[in-house]
Amino acid sequence: MIVLGIETTCDETACAIVQDGSIILSSIISSQIDLHAQFGGVVPELSCRRHVEVIIPIIQEALKEANISLESIDLIAVAYGPGLIGALLIGITTAKTLALALNKPFIGVNHVEAHLYAAIMSHPDQIEFPCLGVVLSGGHTALVHIDSIGKYTLIGETVDDAIGEAFDKVAKLLDLPYPGGPQIEALAKNGNKDRFGFKPGKVKGKPLSFSFSGLKTAVLYALKGQNKTEKIQLSEQDKCDVAAAFQHAALTDIVQKVELAANQYVCRTFVFGGGVTNNQQLRHLIATAMPTANILWPSLGLSLDNAAMIAGLGYHCYLNKGKGDTLDLEAATRIAF
Ligand code: KG4
Ligand code: ZN
């Protein structure tokens, strides 16, 4: 079954052609980082306009690279949420239009669920259920117990910032360009993680939930004093130390909560998804903490936002439901697991 997937939830416009859920025939991603970097974060209105401009050429490029005609597509899959409403509408409207014009089935896919599926499709022979899904992206941080593809129980999530968002906000405090995650990781390599003693947040009564806003505020105090207005001159070494201490606090928090979940639930595999999984220090800490665990990471090109994970998961959603969605499916800025 050949699936055309479309992704426009935030600041990437992407289209991919995927066969049988995991064979990627093409995956084209047009990033808008250049557009948003000057504003230090995603500007929704600009994002929508760019999606409109590039979506058709990106679809054409994906078909060309896969050497496939539109008529040979069996299913159109699209991320219907969560995301920015205007951005979602462009992908969904394009997908519905294609489905209608070609008389092909159409299916809406949850973008966050697709981030977890990205690691599964990267290693389709290694997944064993039940497993623990760990979503670490710019918009979401969650622990999900997975019985099978499509059967999820949310067991922990952030009560404030997502982990990628915290990386981006701390990077902004350090005057680093957007997106800040990779910048923080690079600086942290030369920093002293023990200098500031930052602590990750605890959520009362919910040991598997996350909170990063206190950690972000601790960084703000370290940089600008308790009244948040002092102009403390930072040396390059100071910046590296702040990055290392922040990253250490945030990542060890993730590792500890993954271990805690592993003690409470049967988890035969650990599936990580989202842009923060690019962080090599995270991968190192997890590998060290759980040396014998079956751990799946998304392969290159599948960790940040992409359409291959949408097409891949779309295939399973279609098989699970036994039919496509109707064309009145609406964009959803939030979707509960
Ligand atoms: O999953 P993603 O592409 O977007 C969302 O769906 O939100 O993730 C983007 C996030 C950004 O916050 C970015 O700073 C973060 O992933 N990120 C990283 C790294 N690479 C990307 N965070 C930490 N370390 C990295 N190497
Ligand atoms: Zn994403």
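Overview of results
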{"quantity": "Qualifying residue in the range 186-196 (condition: under 17 Å from the mean Cα position of the chain (by Cα) and surrounded by 15 or more Cβ atoms within 10 Å (Cβ to Cβ))", "calculated": "no"}
{"quantity": "Counted residues, the range 282-319 - those being of a type outside the set (Val, Ile, Thr) and touching a helix residue (DSSP H, G or I) at 6+ places or on another chain (Cβ under 6 Å)", "calculated": "13"}
{"quantity": "Counted residues, the range 114-159 - those being closer than 17 Å to Ala79 by Cα, within 16 Å of ligand 2 (Cβ to nearest atom) and β-branched (Val, Ile, Thr)", "calculated": "1"}
{"quantity": "The range 287-312, subset assigned to a helix (DSSP H, G or I) and not hydroxyl-bearing (Ser, Thr, Tyr), residue surrounded by the fewest Cβ atoms within 10 Å (Cβ to Cβ)", "calculated": "Ala287"}
{"quantity": "Whichever residue in the range 268-292 is hydrophobic (A, V, I, L, M, F, W, C) and within 21 Å of the chain's Cα centre (by Cα) and, among such residues, is farthest from Ser211 (Cα to Cα)", "calculated": "Ala287"}
{"quantity": "Failed item in (1) within 16 Å of Ala249 (Cα to Cα); (2) surrounded by fewer than 20 Cβ atoms within 10 Å (Cβ to Cβ), with Gly225 passing the rest", "calculated": "(1)"}
{"quantity": "The lone exception for Asp20 - which of (1) surrounded by 16 or more Cβ atoms within 10 Å (Cβ to Cβ); (2) within 22 Å of Tyr117 (Cβ to Cβ) it fails", "calculated": "(1)"}
{"quantity": "Residue match in the range 313-332 (condition: assigned to a loop (DSSP other than H, G, I, E, B) and at pLDDT below 95)", "calculated": "no"}
{"quantity": "Single match in Ala14, Ala99, Ala37 (criterion: in contact (Cβ under 8 Å) with a residue 12 or more places away in the chain, within 21 Å of the chain's Cα centre (by Cα) and surrounded by 21 or more Cβ atoms within 10 Å (Cβ to Cβ))", "calculated": "Ala14"}
{"quantity": "Among the candidates Lys199, Lys193, Lys224, Lys172, residue that is within 11 Å of ligand 1 (Cβ to nearest atom) and more than 24 Å from Val112 (Cα to Cα)", "calculated": "Lys172"}
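Results for (1) outside any helix (DSSP H, G or I); (2) at pLDDT below 90; (3) at positive phi, shown as yes or no for each residue.
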| residue | (1), (2), (3) |
| --- | --- |
| Gly21 | yes, no, yes |
| Leu25 | yes, no, no |
| Asp34 | no, yes, no |
| Ser47 | no, no, no |
| His51 | no, no, no |
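Each row is one residue, and each column tells you yes or no for (1) modelled with pLDDT of 95 or more; (2) within 13 Å of ligand 1 (Cβ to nearest atom); (3) buried (at least 23 other Cβ atoms within 10 Å of the Cβ).
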| residue | (1), (2), (3) |
| --- | --- |
| Glu259 | yes, no, no |
| Thr269 | yes, no, no |
| Gly274 | yes, yes, yes |
| Leu285 | yes, yes, no |
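The values are calculated or read from the model by the stated rules, or taken from the named source; none is laboratory data. Computed from a predicted model, the values in this text were never measured in an experiment. As a convention, Cβ positions derive from the backbone with ideal geometry for all residues, glycine included, and neighbour counts pool all protein chains shown.
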